[in-house]
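Just below is one structure, and these are the notes that go with it.
Computed from the coordinates by the stated procedures, all read-outs in this text should not be read as laboratory data. Predicted model, so just to flag it, every value in this text is computed and none were measured. Cβ sites come from the backbone with ideal geometry, for glycine too, and all protein chains shown count toward neighbours.
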Amino acid sequence: MSDYNQDDYKQMVEEKETSNPMAEEIKSQGLGKATMSRFLNDVESSDHHLGWISMNVENLPSEGRFYPIGAELKIRSARVAEIRHFSTIDEQNIVDIEEKLNSIVKACAKFTVGSRVLSYKDFLEEDRIFILLAIRDLTFPETENKLMIEASDSNGKPFKVELKSEHLDVEKISDQIESYYDEEARAFLIQTKSAGEVRMAPPTIGVMEEITKFMQTRQRERKNWDQSFIQILPYITQDWRGFNTKAIFDKEIEFQGWTEKKYMVVYRLAEQMKIGVKPELKVDHEGEEVLVPLNFPGGIKSLFIISDLSSELL
């Protein structure tokens with residue numbers, strides 16, 4: 001027979017509930033009214049112990065301007081299971097490359113606005129390489145695991161450059177387009193004579209994923225797609241939520257009704273809206289600025305798989 005009667009058990013449960021301050025706050029105020037701000041330090045402390053560190057979105061190529069105001073980014077190092085998954089990357093398959101790169105960002109980056117959790121799909125495509133390199137730095141802090149690129153100065157003298165974010169040269173949007181940036185819309189609201197107001201922004205990972213799926217489906221069904229439409233679609237679609245094959249089809253039908261002038265204007269605007277990493281690193285070597293072709297020694301797989309075994313062999 002149990003040593004506790006029903007009243008004893010009820011009292012024990014109540015004591016357990018009140019021993020948790022967060023639970024007591026919710027119990028007394030209700031979930032919708034509970035003030036959780038006083039527990040934020042506990043959450044931040046938990047993040048710290050789990051290896052999450054803050055990364056300033058203003059340091060990304062986009063400078064955070066296309067994300068919601070107050071967006072916060074935290075990253076952690078990649079774990080064994082994530083590295084194993086990444087190691088299966090097929091570097092001859094662009095779709096698989098995209099999937100594996102996104103899998104690291106999805107697992108190792110935490111994107112929030114206040115209490116609202118955002119998705120990895122909300123990141124701009126061109127911010128991704130900066131985030132990946134930062135995650136790599138946390139994953140492999142040892143100096144022997146640096147990614148080194150072979151280079152040479154203007155005299156042909158060879159030297160090595162470390163592949164890291166500070167050496168990446170970023171493409172900037174022209175001043176002409178910048179004047180149309182709208183702080184509240186977090187996008188460009190461009191006034192044109194032929195197309196009226198055009199809302200545009202650099203593409204997110206989520207939008208590009210849906211466009212890739214659309215093209216794959218058309219390819220499997222042996223159906224063509226309008227390449228001129230696909231070129232501008234990512235720049236006129238800001239939110240990936242609700243953006244699917246049907247939405248793309250509807251936009252394609254709408255696109256067919258555009259005038260030639262409207263298409264040319266939007267196409268040129270999309271060309272000038274490309275931000276991101278240039279194909280060369282800009283490096284200061286012995287007082288000389290040197291442009292070094294951007295590549296991944298040992299292939300893209302070397303981002304999270306050690307390419308040089310010499311440091312590990314005894």
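A few comments on the model shown:
- Alpha-carbon centroid distance for the pair the range 148-179 / the range 87-136, whole angstrom: 22
- Near Leu294, once Lys and Arg are set to +1 and Asp and Glu to -1 for all other residues with Cβ below 13 Å from its Cβ, the sum equals -2.
- Too-long pairs where the Cα-Cα distance tops 18 Å, listed order kept, from Lys164/Lys282; Lys100/Lys164; Lys100/Lys223; Lys172/Lys213; Lys110/Lys246; Lys74/Lys213: Lys100/Lys164; Lys100/Lys223; Lys172/Lys213; Lys110/Lys246; Lys74/Lys213
- Charge sum, other residues only, whose C-beta stays under 13 Å from Asp137's C-beta, Lys/Arg counted +1 and Asp/Glu -1: +1
- Base-10 log of normalised Debye intensity for the range 254-295 (one unit scatterer per alpha-carbon) at q = 0.31 Å⁻¹: -1.00
- All distinct Cα pairs of the range 216-300 go into the 1/r average, and the inverse of that average, the Kirkwood radius, is 16.5 Å.
- Remark on the range 173-272: Rg and Dmax equal 14.0, 43 Å (Cα only).
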